[in-house]
1. Which order do the peptides 293-300, 342-349, 356-363 take when ranked by the mean count of other beta-carbon atoms within 10 Å per residue, highest first?
2. Name the residue farthest towards the positive end of the dipole of the stretch 54-98 from the options GLN59, LEU69, GLY80, assuming +1 on Cβ of Lys and Arg, -1 on Cβ of Asp and Glu, about the Cα centre.
3. Could you give the size of the charge dipole of the stretch 115-253 about its Cα centre, using +1 on the Cβ of each K and R and -1 on the Cβ of each D and E, expressed in debye and rounded to the nearest 20?
4. Taking 0.36 nm per intervening residue step and subtracting the Cα-Cα distance, what contour gain separates ASN345 from ASN198 on full extension?
5. If I take R0 = 41 Å and measure r between the Cβ atoms of ALA162 and ALA72 in this structure, what FRET efficiency does the formula 1/(1 + (r/R0)^6) give, to the nearest 0.05?
6. Scan around PHE130 for amide H atoms under 5 Å from its own, H built in the peptide plane at 1.01 Å from N, and keep only partners 5 or more places away or cross-chain.
7. Would you work out if the stretch 117-234 is rounded, prolate or oblate? Take a ≥ b ≥ c from the square roots of the eigenvalues of the alpha-carbon gyration tensor; rounded if a/c is under 1.5, else prolate when a/b is larger than b/c, oblate otherwise.
8. Using C-alpha positions alone, give me the convex hull volume of the stretch 315-364 per residue in cubic angstrom.
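Please treat every number below as a calculation from the coordinates, not as lab data. Since we're looking at a predicted model, the values are computed, not measured. Positions of Cβ are generated from backbone atoms using ideal geometry, with glycine treated the same way; all protein chains shown enter the neighbour counts.
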Amino acid sequence: MKNNKKSLLALGAISFGLLLGSGQSMAADNCYIMVHGHGVQGDIRSEGRKNWRDAEFSQYNGSDFMDDLLGAGDNFGIVGYNSTDEGGYPYWRDETAGEITRQIISIKAGNGDGLTHDIAGTQCSANDDFWVVSHSQGGAEMMWIAGNAVSGSPYYNTAFGASSSVTVDYASAMNGINGILSVGGAITGTEGADRVCNGSWTDAIIATFMGRDCNDSVKWLQTNDSYAAKSYIGSNLGAPFYVLGGYKGFPGLAGITSGLLSGEDDGFLNLASQMSCSGSGKRSIESDLNSYKSFLGINYGSPTFRCNNANKGTPRTYNLASVYTDHDAERNAGISSPSSTSIENGINCGSGGNMAKRINDCIN
């Protein structure tokens with residue numbers, strides 16, 4: 001699909017009732033602002049950068065999300081925040097949403113990200129075209145930020161400290177963002193957190209594998225609507241939200257985590273949650289998210305995804321891709337050319353590659 005960048009911009013513009021290209025420079029370089037997920041000491045910025053290339057599984061060693069994301073002339077900025085269990089900060093805290101917001105504003109102003117880039121000449125400048133790429137908890141962070149960046153939203157420009165609310169300029173952070181690309185995002189939580197916080201004794205298996213207890217950062221990643229970021233935003237988003245979901249279990253014995261989750265998943269997160277489908281974030285994909293041909297009550301054939309744009313659980317959110325890749329490979333591009341499943345009403349751009357390549361395809 002040629003000129004996919006214009007296609008993504010057009011979709012975001014139409015959803016907001018704006019004219020295509022208003023205030024946009026087609027000749028500008030892209031700047032990808034990278035927002036990592038859970039379990040990263042990202043306030044040490046170099047740790048935030050490592051997240052996009054470190055591998056939990058040896059077969060992904062040496063892979064780097066940036067290698068497949070960046071096209072000629074593209075730049076990136078690393079956002080870092082403390083998403084560790086030791087920190088225990090939910091997505092709505094000043095230490096998380098507030099930090100991400102302030103760093104986005106600084107990167108957009110051309111101040112760099114505070115790192116010496118390992119890829120020369122890739123610091124963002126103030127006249128770039130800005131896109132946010134988020135993974136895992138980063139998806140929930142960006143849903144909270146974008147959903148409270150519009151006047152009238154329930155927590156407009158507000159984060160929370162240890163004992164009081166804090167004013168944070170979400171609106172400025174989202175101003176000029178062409179789109180947010182959520183990769184395996186915990187938009188409606190994860191059943192893994194459900195099991196850690198409210199599971200049976202057998203759920204200790206997944207808790208042990210994840211190495212987590214029910215601290216506040218995990219508690220607020222449960223799938224119940226009382227925790228989900230989609231429940232605490234307004235009826236619009238400060239930038240269009242494009243979702244990419246993974247549905248492959250982890251390699252080897254680690255794949256046992258998939259067996260403990262409902263439906264299809266990426267080893268940590270149910271696909272329903274990643275794709276921001278309306279309803280529960282842990283629904284069975286066979287009964288709720290796709291349709292099969294059936295004979296005598298037996299399903300057969302290839303599924304067609306039914307989590308279409310009309311059934312999204314959040315406003316101004318669009319299906320971009322559902323890719324056969326696991327949660328680890330999503331963030332380090334460790335699987336080079338995974339298969340994928342087409343999505344009803346999905347955006348027709350990017351094909352045959354991992355999530356990083358698809359984003360590059362759809363924007364460049």
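1. Working: 293-300: 8.5, 342-349: 17.2, 356-363: 23.5.
For the peptides 293-300, 342-349, 356-363, the packing ranking is 356-363, 342-349, 293-300.
2. After comparing all options, I get GLY80.
3. Values: 5 positive and 11 negative charges, 43 e Å.
Magnitude of the dipole: close to 200 debye.
4. On the way: separation 147, 0.36 × 147 = 52.92 nm, distance 3.53 nm.
Extending this stretch completely gives an extra 49.4 nm.
5. Details: r = 45 Å, r/R0 = 1.11.
So the FRET efficiency works out to roughly 0.35.
6. Result for PHE130 returns CYS31, ASN178.
7. Working: a/c = 2.44, a/b = 1.50, b/c = 1.63.
The shape class here is oblate.
8. Details: hull volume 4.3 nm³, N = 50.
It is 87 Å³ per residue.
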